[in-house]
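Contents: one structure, followed by commentary.
A short reminder: the numbers here are calculations on the coordinates, not readings from a lab. What you see is a predicted model, and the numbers here were worked out from it, not measured in a lab. Methodologically, a virtual Cβ is constructed for each residue, glycine included, from the backbone with ideal geometry; neighbour enumeration extends over all protein chains shown.
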Amino acid sequence: MSKLARILLWFGGIVVVICTYLWFFGVQTFCALEARRIGRQVPIVKSIPLELEDLSVSKVQGEKVSFLGAGFEVPWEDVDEKTTRIVGNWALIHFRSGNSIILCVGPPDGDIRAMSKNKTPDPQLFAAMYGPEVLRSDYAMHKAIFEATPSQITLSTPTNRAAGLASVILIKAIMPPTTDWAIYNIRSKDFKGFQLGNPARRPKKMCLELYADDVEIEVNIMQSESGRTPAITQAEINRIIQTAHKAARTQPVLNVNPA
C-alpha cells in the first residue's frame, strides 16, 4: 500500500469517527459547552437554591408597607415618600439612606400566563421536561429553572433533554434581577419562594420572590456597593420575609405607616 493510500485510509477513518461521534453526541457536546460558557460569564447559572443559615430577624423600629393587597415591614424608618412612584402594579420606594426597593405585586401565575400568550419560551418546553405540574404556578416554574445547572448536561443526556436544559439555563442566566450569584429557599407563615443574592457580599441588587396561592410579591432591593450607609444584613431581609402577608386593601395605593 502506497504512502498516499495509507494517509487517505487514516483520514477516512478519522472522518468516520468524527461523524459517528457527532451523530450520537453532537447535540450534547454543543449544549454542554455552551451551557458551561454561560456559567463562566453568569455565575448564578451554576448555583442551586440552598437553605438559609442565618434566620435571625431584625427587631429595630421600622415601617409597614402595603400595596395591592400585600404588605410587609421594612426595618428602616427613612422612607422618602416624596420620591415614591407607582406605575401599574409596580411601586418604587426610596429611602433617604440611598437604598431603594422596587415592589411588584401580581397573580401567582403571571409569568406562565405571559409565556403561554407569547410562546416565548414555549411552555411545552417545561411541560416536556418536568411534567404539566410545572406550569401550575410561577413558583414551580422558577424552582425548576433555578435547579437547572450546566453540569446536568453530559454525553449520556438524551438529545432532547440536553437541548431543553440548555434553553432553561439560558433563561436562568437572563432572568434574575440581581448582581450576586447566591440562591436561597425562603419561607414564612404565608409565603414560600426564593432569595437571590447574599447580603454578606454587599451586592448592588438583591431580590425576594414570595409566592402564595393567590398572590406573588417580588421585592427588588438596591443599595450602594460602598459608602457610609451600612450594608443591608440578612436579619433585615428576614424582617421583610417573615412579616410578608396579605393585606386587606387591594387598591393601587402605597401605604407606609410606623411598624
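Just in segment 29-67: which GluC sites (Glu not before Pro) are loop by DSSP and have at most 12 other Cβ atoms within 10 Å?
Details: sites: 34, 51, 53, 63; in loops: 53.
Those that pass, being in a loop and sparsely packed, are 53.
Using alpha carbons only, how many angstrom separate the centre of segment 111-177 from the centre of segment 32-47? If we compute the Cα centre of each part, the gap is 15 Å. One chain, two ends: residue 174 and residue 56. Fully extended at 0.36 nm per residue, the span grows by 39.4 nm beyond their Cα-Cα distance.
Which log10 I(q)/I(0) values does the chain give at q = 0.14, 0.16 Å⁻¹ under the Debye formula, counting every alpha carbon as one identical point scatterer? Ignoring solvent entirely, the Cα scatterers give -0.98, -1.20.
Which FRET efficiency value, to the nearest 0.05, is calculated for residue 117 and residue 228 with the Förster distance at 41 angstrom and r the Cβ-Cβ distance?
Details: r = 46 Å, r/R0 = 1.12.
Here the calculated transfer efficiency is 0.35.
Bridging of residue 246 to lysines at a Cα separation below 24 Å is possible for 59, 64, 143, 189, 192, once same-chain residues fewer than 8 apart are set aside. For segment 192-259, applying the loop criterion from DSSP together with a ceiling of 16 other beta carbons within 10 Å to the GluC sites (Glu not before Pro) yields 225. Quick note on segment 141-255: its Rg to Rh ratio, both from C-alpha atoms and Rh being the Kirkwood radius, is 1.05.
Taken as Cα centroids, segment 71-108 and segment 186-253 sit 11 Å apart, rounded to the nearest whole angstrom. Legend: P(r) of segment 70-136 from all alpha carbon pair distances, 5 Å bins from 0, whole percents, reading 3, 14, 18, 16, 10, 10, 11, 10, 6, 2. Within straight-line reach of residue 172, meaning a Cα separation under 18 Å, sit the following aspartates and glutamates at least 8 residues removed in sequence or on another chain: 34, 109, 111, 122, 138, 147, 180, 209, 218.
With a cap of 15 neighbouring Cβ atoms within 10 Å, and only residues DSSP puts in a loop, list the GluC sites (Glu not before Pro) found in segment 79-171. Taking segment 79-171 and a limit of 15 other Cβ atoms within 10 Å, the loop GluC sites (Glu not before Pro) found are 147.
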